[in-house]
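Read the structure below first, then the notes.
The values are calculated or read from the model by the stated rules, or taken from the named source; none is laboratory data. Computed from a predicted structure; not experimentally measured. So basically every Cβ, Gly included, is an ideal-geometry build from the backbone, and we count neighbours across all protein chains shown. In case anyone asks, the SASA skips ligands and DNA or RNA and just uses the protein heavy atoms, side chains included. Shrake-Rupley method; radii C 1.70, N 1.55, O 1.52, S 1.80 Å.
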Amino acid sequence: MTNFSTEATPAVRMLGIRKAYGSCISNADVNLEVSRGTIHGILGENGAGKSTAMKILYGMVAADAGEIWIDGKKCHMRSPLEAKALGIGMVHQHFMLSEAHSVLENIILGMEPLYPSLGWLPEALQPLAMRTAREKLERLMNEHGLEVPLDASVDSLSVGTLQRVEILKLLYQETRILILDEPTAVLTPQEVDRFFIQLKHLAATGKTILIVTHKLRELLAVTDSISIFRAGSVIASVATSSIDADALAALMIGKKLDPVQNNSKQLREGKPLLSIQNWPLKKTRNPSFQHETFSLELHAGEILGIAGIEGNGQQELVELLRHPKQAPPAGTAARLELLGRDVTSWSAIQMTAAGVGYIPADRHKEAILLDQSATRNFVLGYQDHPSFRFGPFLRWGAIHQATVNGMKLFEVSPLQPDLPIKRFSGGNQQKIVVARALQHQPRLLIAVHPTRGVDVGAIQLIHKKLLELRSQGLAILLISSELDEILALADRILVMENYRVAARFTGNACNETALGLAMSGADSKKEKQHG
């Protein structure tokens, strides 16, 4: 199905690219072509080789064989610096920004402007021409609609703004070919829409954009063409206008997928397994000033979905449930109960021992140690579990076998538990994290973006497992930015807006439009009941 164009010189051409790590083949004869001034999608299952190919294009990884041609010239990228010199830039899924510095300082890092007239001074003594950098950035922001607060510290910005900072950094470096790795993984639907408008504008100005993602609908919405990776090779390159989501999924995994759906949504009765009552999630330095409070109840055998734009209290909710160890705020009727017991003074270790499983939002920051093996990662947080410990000793044989079982259950590839976890694709890392959270049969599962960065086949696998465990009595608190995920799985949905419940939906009485309105606060400032 691949049909390389001969009418114009492509911006990117990769021929016969091969890369192996020992016996693990990441790329096997990759052939890829991208036209100048277009948006090209890079699609494939976890471990299909797409990220490795993009790292080779960016000079982060050296290919074992093959050729790379940029604008008709054969090139050898031995480092990202050499790629940058050729006009190639990359925005990683996990942003590479220094939180301790301002936006302006982050953008100019490595390309600090100097005064030409002071070139006679030693470089270490030359002052930076900050005004020149600021003027250039203000021009770029106006040209491309990428407004960011240049003097703000990076740690104060929303995820959507951080994404714009990364794009501006590439434009400041005069990048012509932009590689974006899972660029919408942490964006809200509203931020995604704005982001796509900006990408289309960049392509219209002649930039070439490669997007690595698992999100089929987004690829169909923004790309001009798509290349599908499978088992380390490009098995097809197609015009976006000539294909639909079902056909893309079939090419990617080799079979048609039927959507997973909770078809038995129902309201549970009786005493809840988890109860939060009148808890002020928003921190305040003035204890006499009370914000609106947050309440929820979650029953065994139920999936409760939490929707909302990031920064509206979801993180504080997770922190409360993971690390309660705090007294209820003075002067409030706040309560936190698990299995009928007051747990406000409990530690994270006590919550885990009581049967609380946790899938964190950011696997790199909260869930895994990249340089350690899958087996050593599988025991994190469960070192004191009876099945993993005998007196003062860890039972490494049992831990290794549990890791193998979890990897098989979630179809992790390669099935090598002693391999450093950084050698697995992001999606396979996520599947290991999910397997670990479910290994010891928790009573309550806190699942925060459980399918972030995984392909459609893995999403289906994880969704099926969650529904299966729900039917066995597991209580699941599902916090997700993927509205279709919440709509497909949740028995009930709460919308968080400004640290409170803005709306409650039951059963099937909900759709993406209603959720979006409630998330933005447009529905009403008073809590709405639906269903």
Three-way shape label, the stretch 176-317, alpha-carbon gyration tensor, a/c 1.5: oblate
Rounded to the nearest 10 Å², the accessible area of Lys431 at probe 1.4 Å: 20 Å²
Part-to-part distance (alpha-carbon centres) for the stretch 404-464 and the stretch 473-517, which is given in Å: 23 Å
Nearest-10 value in Å² for the accessible area of Lys169, using the 1.4 Å probe: 30 Å²
Scattering curve values for the stretch 314-409, log₁₀ I(q)/I(0), Debye with Cα scatterers, q = 0.20 Å⁻¹: -1.08
Sequence ranges 86-94, 349-357, 40-48, ranked by mean other-Cβ count within 10 angstrom, highest first: 40-48, 86-94, 349-357
Residues of type lysines that Lys282 reaches as a straight line, Cα spacing below 19 Å, ignoring anything fewer than 8 places off in the same chain: Lys325, Lys525, Lys526
For the chain, Kirkwood radius (reciprocal of mean inverse C-alpha pair distance, Å): 25.1 Å
Per-residue ³J(HN,Hα) for the stretch 206-215, Karplus 6.51 cos²θ - 1.76 cosθ + 1.60, θ = phi - 60°, Hz, x for Gly and Pro: x, 6, 9, 10, 10, 10, 9, 7, 9, 8
Computed Rg/Rh of the stretch 1-79, alpha carbon atoms with Kirkwood Rh: 0.96
Per-bin percent of Cα-Cα distances, the stretch 199-270 [10 Å]: 15, 40, 22, 12, 7, 2, 0
The chain - percent relative contact order, Cα under 8 Å, separation 6 or more: 16 percent
Projected label distance in nm at Gln401 and Met96, using a 7 Å step from Cα toward the beta-carbon: 4.3 nm
Rg to Rh quotient for the stretch 412-495, alpha carbon positions, Kirkwood Rh: 0.97
Taking only Cα atoms of the stretch 384-531, radius of gyration then Dmax in Å: 18.5, 56
Anchor Lys50: lysines whose Cα lies under 16 Å away (excluding residues fewer than 8 positions away in-chain): Lys19, Lys215, Lys422
With every protein chain in place, the chain: carbon and sulfur % of accessible area (1.4 Å): 51 percent
Span-like helix ranges in the chain, DSSP H, alpha carbon extent 15 angstrom or more, Kyte mean at least 0.5: 159-172
Solvent-accessible area per residue for the chain (1.4 angstrom probe, square angstrom): 45 Å²
